[in-house]
1. Round to the nearest 10 and give me the degree value, 0 to 90, for the angle of helix A:160-169's Cα axis relative to the longest principal axis of chain A.
2. With axes computed from alpha carbons, what is the tilt in degrees of helix A:106-121 against the longest principal axis of chain A, rounded to the nearest 10 within 0 to 90?
3. Trypsin sites (Lys or Arg not before Pro), restricted to segment A:258-321: which are DSSP loop and have at most 15 other Cβ atoms within 10 Å?
4. Each label point is 7 Å from the Cα along the Cα-to-Cβ direction; what then is the distance between the points at A:Ser186 and A:Ser35, in nm?
5. Calculate, axis by axis, the spread of Cα positions in segment A:170-273 along the three principal axes, and write the results as whole Å, longest axis first.
6. Between B:Phe74 and residues 5 or more places away or on another chain, which pairs have amide H atoms under 5 Å apart, with H built 1.01 Å from N, and which residues are they?
7. What dipole magnitude, in Debye to the nearest 20, does chain B give about its Cα centre under +1 on Lys/Arg Cβ and -1 on Asp/Glu Cβ?
8. Just to verify a number: FRET efficiency for B:Leu271 and A:Ala200, C-beta to C-beta distance, R0 = 60 Å, to 0.05?
Amino acid sequence: MSESPFVLVQRPPTFDFMDELLSRNFPILTTHHTSSIPLLNSISPHASSSIRAVVNMGMLKIDADLLSHLPSLQLLVCTSVGIEHIDLAECNRRGIAVTNAGEAFSDDVADCAVGLLISVLRRIPSADHYVRSGEWAKSGDFQLGIKLSGKRVGILGLGSIGSFIAKRLEPFGCIISYYSTSQKQSVPYRYYPDVLSLAANNDVIILCCALTDQTRHIVNREVMESLGKKGVIINVGRGGLIDEKELVKCLVDGVIGGAGLDVFEKEPGVPVELFGLDNVVLSPHAAMATPGSLDNIAQLAVGNLKAFFSNQPLISPVRLD
Amino acid sequence: MESIGVLMMCPMNTYLENELQKRYNLHRFWTCPEKSVFLETHRNSIRAIVGNASAGADAKLIDDLPKLEIISSFSVGLDKIDLGKCKEKGIRVTNTPDVLTEDVADLAIGLILALLRRLCECDRYVKSGKWKYGDFKLTTKFSGKSVGIIGLGRIGTAIAKRAQGFSCPINYYSRTEKPDVGYKYYPTVVELAKNSDILVVACPLTDETRHIVNREVMDALGSTGVVINIGRGPHVDEQELVKALTEGRLGGAGLDVFEQEPHVPEELFGLENVVLLPHVGSATVETRTAMADLVLGNLEAHFAGKPLLTQVV
């Protein structure tokens, strides 16, 4: 290799934690633009034709149009697990390799999913407020919550995050089952071939699968009715996995028993009807937001870049077909 | 048959209260305007007391009730009952072990996650509309942190098992080392605190364990360490705790119990590195029903001359 590959790092200004590590290893160009036209306008034609890798931290939409303006692009490093914003078919056509966050966040997201679940069932934020507002001293005992141990938990998507969640809930005596695009042979949990039967046979469903055309609104009204009025939904995947309008109705009307949500259809917008419900715990897409995870993703991004440009196997490649 | 007088010490559970009312001559102690007059009047008819974590039976009450045969506590902890006096007078004591172990252990993990990942704050952040103006800050990872448990009984063991699911190394302090558990033993609480990121109190409250988490222990935990208390308020020197937290010498605290419940030091209300819960360790519909059934079952067994279900004394 005659010269170091030129890397474009796309990230919001506040996400510059990787700049130093990346620039130590590669010549980088940073941009905060979140769409193609302003981004391409902000860099010189020479630069755009020299870019051989993009580190996509701001969920920049990578489509055929953008790719046509980056003729030297060989590698796309995404720092999220979800890659629904990438035109994988087009990358495949152009021979562009894609990597994602792999397992960099899995511990933290799994921790958050379990934390949200316990918080919903045991009403932790509501109970904390009950103490801080002086209500405990005034009004006596707080309301009773719902026991977690022994509950049936159905996991939608048994990838890295899903299996980390299962591992954490097993010692709680939870009975784990899952739905996935295909049954996994060596897994000790019961498989359900569709989401409806998963919901019908569980007390809790936890969403941690990728958002694709097939999984958009996979949790719809029918699924929620199947889950039932004591059922709880935890979503640490993508907001688009749930029909959010119906979810709000189901929560307000008591069609389901509660929800713990880290993701929403139009972040940072969140339906205000959820704000007053104490059986709903909300989180600002923060499931992976610890220094440990950020460190992991920085190491992983550099690792993937180094591997690619020294013809070594990628660490967290995404299948493009 | 003469109706059996049962004294219930405070409101604790509607189902239990209703069942006691149906089966016995139930006296609700908290509704008596003049307690000493009440005791004088009913001293010869009260044969059982039903207490809980807040109110039990001290030596004086036991002396005031000469016909007392059994105290059935709606709790596993017995620190509110003068056990020595009961032994002396041949009064039987029962509690509610096992049925609440899972709930309390679940809550301990819930407290750790809520504290380290700032889940209550996150919830407030979104529900107050603040997310529109910017992302929440970074929080602290739980997985892999070392957990030090004071007391490796039923509840301590259940907490350890759950924490292992998060790849946490487990340390413990106990009166005696338990060689087969596979966790690292520390002979003092200070050493346990020095070597753990998260210190969990899960032992019974006795004279020996009062203020077992004191200033020295909190200093050993330090500004990156946190205390989780699902035992009894007096396990922790609350005044010292407040100082350590407000002065930044202790990293945080998740508390389900306090020294003078329901009163909680107000200095804690404004802190973002604490989670404060109103003694809800066993507070689920399922568990409280199971606890009530144990109380009722023990009383029934006693008055039928059958073996007690969960006898302590």
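1. Compared with the principal axis, the helix lies near 30 degrees.
2. 20 degrees
3. Details: sites: A:Lys266, A:Lys306, A:Arg319; in loops: A:Arg319.
Within segment A:258-321, the qualifying trypsin sites (Lys or Arg not before Pro) (loop, at most 15 other Cβ atoms within 10 Å) are A:Arg319.
4. Spacing of the two 7 Å Cα→Cβ label points: 4.7 nm.
5. Computed over the Cα atoms, the extents are 42, 28, 25 Å.
6. B:Gly51, B:Asn52
7. Working: 36 positive and 40 negative charges, 116 e Å.
That gives chain B a dipole magnitude of about 560 debye.
8. Numbers: r = 43 Å, r/R0 = 0.72.
The calculated FRET efficiency here is 0.85.
The values are calculated or read from the model by the stated rules, or taken from the named source; none is laboratory data. Just so you know, these numbers come straight off a predicted model, no measurement behind them. Here the Cβ is made from the backbone with ideal geometry for all residues, glycine too, and neighbour counts use every protein chain on show. Please note that ligands, DNA and RNA were not included when accessible areas were found on the heavy atoms of the full protein model with its side chains. Shrake-Rupley method; radii C 1.70, N 1.55, O 1.52, S 1.80 Å.
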